[in-house]
Amino acid sequence: VEVVTVGLGYIGLPTSALIAQNGIQVYGVDVNQEIVDTINKGEIHIVEPSLDIAVEESVKKGFLKAGIQPVEANTYLVVVPTPFKGNHEPDISYVEAATKNIIHLLKEDDLYIIESTSPIGTTEKMMRLIYNLRPELEGKLNIAYCPERVLPGNVMYELVYNDRVIGGIDEKSTNKALNFYKQFVKGELHSTNARTAEMCKLTENSSRDVQIAFANELSLICDKAEINVWELINLANKHPRVNILQPGCGVGGHCIAVDPYFIVSDYPMESKIIGTAREVNNYKSFWCAEKIQNEKLKFELEHKRKPKIALMGLAFKPNIDDLRESPAKYIVNKVLQNDNNGNYFIVEPNIEEHNVFKLTDYKKAVEAADIVVFLVAHKEFKELNIEQNKIILDFCGINKNRI
Ligand code: SAJ
């Protein structure tokens with residue numbers, strides 16, 4: 001075996017398959033026996049375009065195998081999740097466990113790379129952990145950090161064509177890692193040190209979070225000022241040096257809503273904008289839920305009956321089936337929590353069934369509703385023709401002419 005990848009999730013599995021497709025022997029490790037068995041059958045456990053074929057082919061040709069325990073190789077990739085704890089502090093225990101699990105296999109000149117999003121200094125910390133247990137290897141390993149930056153839904157393409165930032169703990173490590181990625185990445189490879197590479201990943205996602213927070217803040221101001229925020233942003237963006245993103249019902253997913261906390265928890269005094277952006281984006285979801293409740297009360301006073309409300313979308317962003325850390329789901333939960341016996345239709349065209357919510361067809365829901373609430377800008381919703389008499393709460397810019 002040439003390469004061991006630890007972690008066979010949303011990034012680890014596609015990465016393993018891509019390396020294997022390039023004729024390199026890969027052994028994927030995961031703590032979950034079911035996942036290991038699925039992959040060894042040439043099947044996959046996650047939804048990602050083109051991944052099924054890549055895994056099936058590599059397993060069939062014998063270039064990809066999976067197991068619970070790592071085996072000896074020349075390169076070790078750590079691709080496990082780094083969630084945060086209750087107090088928003090990063091939890092690097094998976095990276096630590098993955099590292100501890102391969103330490104006994106390491107030998108002179110091996111390459112050890114962390115791809116997991118990690119707080120600044122994690123690579124150096126892991127280096128110390130390794131050399132503490134294997135002092136005879138001190139200075140003889142190549143240790144680097146190289147963050148993934150692929151967009152879910154387009155992973156197999158972006159893994160090959162995105163540029164990569166590669167930061168070793170010394171120059172020898174950086175060069176060794178660079179040569180490793182050269183084998184299967186067609187994007188440019190940029191070298192730096194480990195701390196800069198770690199911060200670079202956090203910066204990319206924090207930058208997007210801050211920019212979305214700006215758009216969300218504008219939407220709150222415009223709502224009070226009775227200005228159409230979509231028209232406003234469109235007009236402001238006509239300036240050659242202004243490029244504002246779109247407001248929505250909050251920021252979700254497991255990256256952009258998480259990574260900024262890795263900076264804030266280590267540098268709280270210095271990261272005021274980054275921390276505030278998180279608060280603004282979280283508040284936006286809460287604000288949307290309140291807005292729905294207010295609109296419902298207004299309707300009840302006016303019509304002397306409960307309105308039928310269509311809640312459109314549950315996913316964390318448009319045109320995907322991923323509901324994890326979804327602001328739309330948070331809003332739906334919050335609205336239902338406060339009003340258990342209201343008349344709600346819950347809609348998510350990208351999934352067939354949900355274990356908690358009873359889903360309604362999107363056209364039927366809109367037809368029956370008095371109030372239509374757009375939470376996610378799914379493409380289906382943009383084609384709807386909605387009668388003028390219905391009340392619309394458009395949190396994600398489905399119909400940009402109407403607020
Ligand atoms: N969103 C808005 N308004 C916008 C754009 C996005 O409200 O104008 C919301 C989305 O609805 C969603 C959230 O932001 O709830 C995040 O969506 P996204 O499409 O911006 O990003 P992710 O989480 O799918 O993927 C990001 C990407 N990072 C950047 O674009 C800087 C991806 O390249 C990273 O690899 C990924 O995070 C990751 O794994 O870190």
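When you check residue 166 against the structure, is it away from the ligand (no atom under 13 Å from the Cβ), in a strand (DSSP E or B) and of a type in the set (Val, Ile, Thr), yes or no?
Yes, satisfied.
So for segment 278-291 (the condition being crowded, with 17+ Cβ neighbours inside 10 Å, within 10 Å of the ligand (Cβ to nearest atom) and basic (Lys, Arg)), does at least one residue qualify?
Checking segment 278-291: at least one residue is crowded, with 17+ Cβ neighbours inside 10 Å, within 10 Å of the ligand (Cβ to nearest atom) and basic (Lys, Arg).
List pairs: first residue in segment 140-163 and under 19 Å from residue 198 (Cα atoms), second residue within 10 Å of the ligand (Cβ to nearest atom) and among the hydroxyl-bearing types (Ser, Thr, Tyr) anywhere in the structure, Cβ distance under 8 angstrom, at least six positions apart or on different chains.
Taking only residues 6 or more apart or on different chains, the pairs are 147/117.
For segment 324-344, which positions are away from the ligand (no atom under 11 Å from the Cβ) and either farther than 19 Å from residue 286 by Cβ or in a loop (DSSP other than H, G, I, E, B) (or both)?
339, 340, 341, 342, 343
Does segment 55-78 contain any residue that is on the phi > 0 side of the Ramachandran plot, surrounded by fewer than 17 Cβ atoms within 10 Å (Cβ to Cβ), more than 16 Å from the ligand (Cβ to nearest atom) and not assigned by TED's automatic domain parsing to the domain that holds residue 266?
yes
For the structure I just gave you, tell me whether residue 64 is more than 22 Å from the chain's Cα centre (by Cα), hydrophobic (A, V, I, L, M, F, W, C) and within 22 Å of residue 181 (Cβ to Cβ).
Yes: the conditions hold for residue 64.
Out of contact with any helix residue (DSSP H, G or I) (no Cβ under 8 Å at 6 or more places or on another chain), farther than 18 Å from residue 142 by Cα and not hydroxyl-bearing (Ser, Thr, Tyr), is that true of residue 62?
It is true that residue 62 is out of contact with any helix residue (DSSP H, G or I) (no Cβ under 8 Å at 6 or more places or on another chain), farther than 18 Å from residue 142 by Cα and not hydroxyl-bearing (Ser, Thr, Tyr).
Please work out which one of (1) within 16 Å of the ligand (Cβ to nearest atom); (2) outside any helix (DSSP H, G or I); (3) surrounded by 16 or more Cβ atoms within 10 Å (Cβ to Cβ) is the condition residue 191 fails and give its number.
(1)
So that you can scan it fast, the table gives a plain yes or no per residue for (1) surrounded by 15 or more Cβ atoms within 10 Å (Cβ to Cβ); (2) more than 16 Å from the ligand (Cβ to nearest atom); (3) within 21 Å of residue 324 (Cα to Cα):
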position	(1), (2), (3)
354	no, yes, yes
368	no, yes, no
371	yes, yes, no
376	yes, no, yes
379	no, no, yes
384	yes, yes, no
388	no, yes, no
391	yes, yes, no
399	yes, yes, no
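The values are calculated or read from the model by the stated rules, or taken from the named source; none is laboratory data. Being a predicted model, the structure only gives us computed values, none of them experimental. Reconstructed Cβ throughout: ideal geometry from the backbone, glycine too, with neighbour counts over all protein chains shown.
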